[in-house]
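The values are calculated or read from the model by the stated rules, or taken from the named source; none is laboratory data. This one's a predicted model, so the numbers in the text were calculated from it and none came from an experiment. Every residue, glycine among them, receives a Cβ derived from its backbone with ideal geometry; neighbour counts consider all protein chains shown.
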Amino acid sequence: MFNGYFDAQGACLFGMTGKKIRQYPAYTGLTSLGMCVRNDVVDRQTRAFMKAIGYRGIYDSCDGQYKVLDVNPRIGATFRLFAADNGMDVIRALYLDLTGQPVEPGATPAGRKWLVEDCDLVSSIRYLRDGKLTLKEWFLSHRGVRETGLFAIDDPLPALWMGIRDLTEALSRKIARAA
């Protein structure tokens, strides 16, 4: 994946590469567990391609063969996976650029992981059932998670409400199947 911000002149003011470890729904869909991984080929090809087509805005791409799969002129769901060592991300780059302030891109924190807790749990169950993941691999895959989509120690309510919502939906489905 490449996540970056391109200014009005098409210059990439902030860009980082990473990979999806797991997806929700399993095998296809949004990143439920992702990791920052430096990939000079993806970075170079993406920047060159976007410059060649005159692209302006925010960009997010993912595939195994380094082809553009999806160009989103919006903030992608995984934007917080791509947070540099100085805290810079596409939202900050966009804001700073549009307000005439300098954008300091920072360095890619190799191995930084980002997790969407409920989505990853559901997809992990599928990977486990399919034999594509062991319980030990699942547990170890969470090493390096620096940020989560829902839980924050200083604001645990979003994670609590999401857990209640997910549990309610699961129980509703079970009751509907039993009826």
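Observations on the model:
- With a requirement of 1 or more residues that are among the β-branched types (Val, Ile, Thr) and surrounded by 11 or more Cβ atoms within 10 Å (Cβ to Cβ), the helices (runs of 4 or more DSSP H) lying completely within segment 91-179 that satisfy it span 117-129.
- Within segment 20-47, residues that are part of a strand (DSSP E or B) reach partners that are acidic (Asp, Glu) with beta carbons closer than 7 Å, at six or more positions or on different chains, in the pairs 22/120; 24/120; 32/120; 33/120.
Residue-by-condition table, conditions (1) among the hydrophobic types (A, V, I, L, M, F, W, C); (2) at pLDDT 95 or above:
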| residue | (1), (2) |
| --- | --- |
| 91 | yes, no |
| 105 | no, no |
| 121 | yes, no |
| 136 | no, yes |
| 147 | no, no |
| 150 | yes, no |
| 168 | no, no |
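- Residue check for residue 87: surrounded by fewer than 12 Cβ atoms within 10 Å (Cβ to Cβ), at pLDDT 90 or above, under 21 Å from the mean Cα position of the chain (by Cα) and not aromatic (Phe, Trp, Tyr): yes
- Restricting segment 116-132 to residues that are without any contact (Cβ under 8 Å) to a residue 24 or more places away in the chain and aliphatic (A, V, I, L, M) leaves a set whose member that is nearest to residue 160 (Cα to Cα) is 121.
- Verdict on residue 4 being in contact with a Cys (Cβ under 7 Å, 6 or more places away or on another chain) and either surrounded by 15 or more Cβ atoms within 10 Å (Cβ to Cβ) or assigned to a loop (DSSP other than H, G, I, E, B) (or both): yes
- For segment 44-54, a residue qualifies if it is under 17 Å from residue 3 (Cβ atoms) and surrounded by fewer than 18 Cβ atoms within 10 Å (Cβ to Cβ), and the qualifying residues are 44, 45, 48, 49, 51.
- Subset tally (residues that are among the hydroxyl-bearing types (Ser, Thr, Tyr) and within 20 Å of residue 33 (Cβ to Cβ)) for segment 139-179: 2
- Members of segment 147-172 that are in contact (Cβ under 8 Å) with a residue 40 or more places away in the chain and within 19 Å of residue 112 (Cβ to Cβ): 147, 149
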